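The structure appears below as structure tokens.
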Amino acid sequence: MSSGRKPRARSLTLTLLALFLLYAPHSFAQTPEPIRYTVSFPAPHTHYVEIEASYPTEGRPSIELMMAVWTPGSYLIREYERHVEALTAADPGRSPLAVEKTRKNRWRVATKGASTVWVRYRVYAHEMSVRTNWVDDEFALINGAPTFITLVESPSRRRHDVRVVLPRAWTRSLSGLTAGLGENTYTAPDYDTLVDSPIVAGSPSVYEFSVAGKPHYLVNFRERAVWNGPQAARDLAKVAEAIAQFWGTVPFDRFYFLNIVGSAKNGLEHRNSAVLNIPLDATSSREGYLDWLNLASHEYFHAWNGKRLRPAELGPFDYENEVYTRALWFVEGITEYYADLFLVRAGVATRDEYLDALSEQIRSLQTTPGRLEQSAEAASYDAWIKFYRTDENSSNTSISYYVKGAVIGFLLDASIRRLTAGSKSLDDVVHAMFAKFSTERGFSGEDIRASVADAVGAAKGREMRAWLARVLETTAEFDYADALAWFGLRMTSPGGTPRAYLGVATRTENGKAIVAGIRRGSPAADAGVSLLDEIAAINGEPVPEGRFAERLTRFSPGAKVTLTITRNGAARSIDVVLAADPRHGWQLSPGPGAQSPHLDTWLAQ
Ligand SMILES: [Zn+2]
């Protein structure tokens, strides 16, 4: 209903009365009673979070409860229910109620006519990642999916309220959730919002800054002296401002970067927050710091691309089963392309640092044999069984949709600019898609293709569709020539000669060099080296502990070497001709002569 159709003559009072009569009883009936959780940490050093929850029964003889088995944004069935312990139920008078497990992640509680069922349980929380829980005596990271057991019911707007009880030594909790009435209380309008809003608690360092007039918070846990929090907040503010200006609209009231220092690099996006995991020494090297800025930029960009502009399949979610999409190359890869681009556009990275980052994406794609086995759309679809379930053979059979998607972003951007003589770019495509598809519906694969075709106009649209079909649906090698020519770039080799290449990854086990991975098509693969072989000697000279890779650098590409291998207790010799390291080259740099204005436009936009 649009306001333009309202009868003008009707008085405001009458209109309000009519609206009340029309909608009020309906909306009262539609508002279900909330589920209420109390979250506490009575012994945080034991890594447990305790939950007490109340569920309205609405007169049913039994209620069915469910814990999610995966977290949106991270495509693997994680069986969170395995960390649930000591689940009991009671009526409001504290009389026990019978609980029956009905599935790996479901519980049925007989209500005995009670209007509310109380359930207590505890969750083991000692997995440091962006999608699991962590509790220690210093802080807690509580994610929705692995923590909150909810009612099994068709998607509803049932409120989920949370009260966090802090250990005495902790100062505060923070979350993207709307604050409730009391201290450390929160309210989510529905289960999806609860899952999408991690809660952290402890005594973090908090840096507030404003982006497009909205408060943003960098929340650092384990900051210690090594992490330069104020500098990180200043640079992050510049990146966030550039991204917010790019989209032209900020679809949230405030934003939290929940940054946990001292863990492997990873991030997870939410509608008004992001969890970041980063190694402790990330600010002690320029490379590590740029890595962190890239991570924060990526997750922040997701607040638009991924959380709001999204494939139709990605929301509302089925939290108990896999959800398949062929568009993770767009959700993750295009986000990754812009994550690096906005570091240079915001002025926190140099042009050369940007070209290094893009070169690394291209190098990673072009030296991964799996690019010839898996298309960008197939990689997206099989994320559940490939990307999140890697083994020693993964690089031979699969390609990361982050990496391939980011390179597609670069080539797609260049194509649109070239075909429109610089009047349009990928920026226009994502803006148009955000305007069209960031509401309830989401986009389809065809919507992406049509949006790109629209940007270049009818005459060139057919060409772009054919190009997209090739890069998205097939494993054909990418052609960089047109993109390089448009931006005035060249693909050069860094100085020096390529290193010798065997094509194995090794690990040291009891002082021995053990083959842990073999690249398809490499000299090692062709010569007959096998997984778990021990490489005991090269040209008869024993390999000292941990020195295999270094020993290999003594040789040049083309050298013939004899490896002494021990396989299943028996020694044998394998002759191998070493190749040139395929990672050599794939380095972008500005071409000779006057710098291309297209390069400046692209990086400054
Ligand atoms: Zn992402």
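The values are calculated or read from the model by the stated rules, or taken from the named source; none is laboratory data. Not measured: the values here are computed from a predicted model. Note: ideal-geometry Cβ built from the backbone for every residue, glycine included; neighbour counts use all protein chains shown. Ligands, DNA and RNA are stripped out before the accessible areas are found, and what is left, the full protein with its side chains, is counted by its heavy atoms. Shrake-Rupley method; radii C 1.70, N 1.55, O 1.52, S 1.80 Å.
A few comments on the model shown:
- Set A264, A232: member being small (G, A, S) and open to solvent by 50 Å² or more (accessible area, probe 1.4 Å): A264
- Any hit, segment 283-292, residues being within 16 Å of the ligand (Cβ to nearest atom), over 20 Å from V452 (Cβ atoms) and free of Cβ contacts under 8 Å to residues at least 60 places away in the same chain: yes
- Checklist (1) outside any loop (DSSP other than H, G, I, E, B); (2) of a type outside the set (F, W, Y); (3) within 16 Å of the ligand (Cβ to nearest atom) applied to L314, failing item: (1)
- Only one of the listed residues (Y324, Y319, Y300) is open to solvent by less than 20 Å² (accessible area, probe 1.4 Å), in a loop (DSSP other than H, G, I, E, B) and either more than 17 Å from K404 (Cβ to Cβ) or away from the ligand (no atom under 14 Å from the Cβ) (or both). That residue is Y319.
- All positions within segment 256-282 that are of a type in the set (K, R) and either away from the ligand (no atom under 16 Å from the Cβ) or over 17 Å from P198 (Cα atoms) (or both): K265
- Condition broken by T350, with the remaining ones in (1) more than 23 Å from V275 (Cα to Cα); (2) buried (at least 23 other Cβ atoms within 10 Å of the Cβ) satisfied: (2)
- Against the test of being within 24 Å of G306 (Cα to Cα) and buried (at least 21 other Cβ atoms within 10 Å of the Cβ), the options S197, S210 yield a single qualifying residue, S197.
Here is a yes/no grid of residues against (1) closer than 30 Å to L489 by Cα; (2) open to solvent by 40 Å² or more (accessible area, probe 1.4 Å); (3) outside any strand (DSSP E or B):
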| site | (1), (2), (3) |
| --- | --- |
| G546 | no, yes, yes |
| A549 | no, yes, yes |
| R554 | no, yes, yes |
| P557 | yes, yes, yes |
| L563 | no, no, no |
| S573 | no, yes, no |
| V576 | no, no, no |
| H584 | yes, yes, yes |
| L588 | yes, no, no |
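- Just one of the listed residues (R163, R131, R122, R157) is touching a residue at least 24 places away in the same chain (Cβ under 8 Å), more than 20 Å from the chain's Cα centre (by Cα) and not in a strand (DSSP E or B), and it is R157.
- Each residue in segment 52-97 was checked for being among the aliphatic types (A, V, I, L, M) and within 16 Å of the ligand (Cβ to nearest atom), and 1 of them qualify.
For (1) in contact with an Asp or Glu (Cβ under 8 Å, 6 or more places away or on another chain); (2) within 16 Å of the ligand (Cβ to nearest atom); (3) over 25 Å from E463 (Cα atoms); (4) in a helix (DSSP H, G or I), each residue gets a yes or a no:
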{"residue": "I334", "(1), (2), (3), (4)": "no, yes, no, yes"}
{"residue": "L341", "(1), (2), (3), (4)": "no, yes, yes, yes"}
{"residue": "D352", "(1), (2), (3), (4)": "no, no, yes, yes"}
{"residue": "K386", "(1), (2), (3), (4)": "no, no, yes, no"}
{"residue": "L412", "(1), (2), (3), (4)": "no, no, no, yes"}
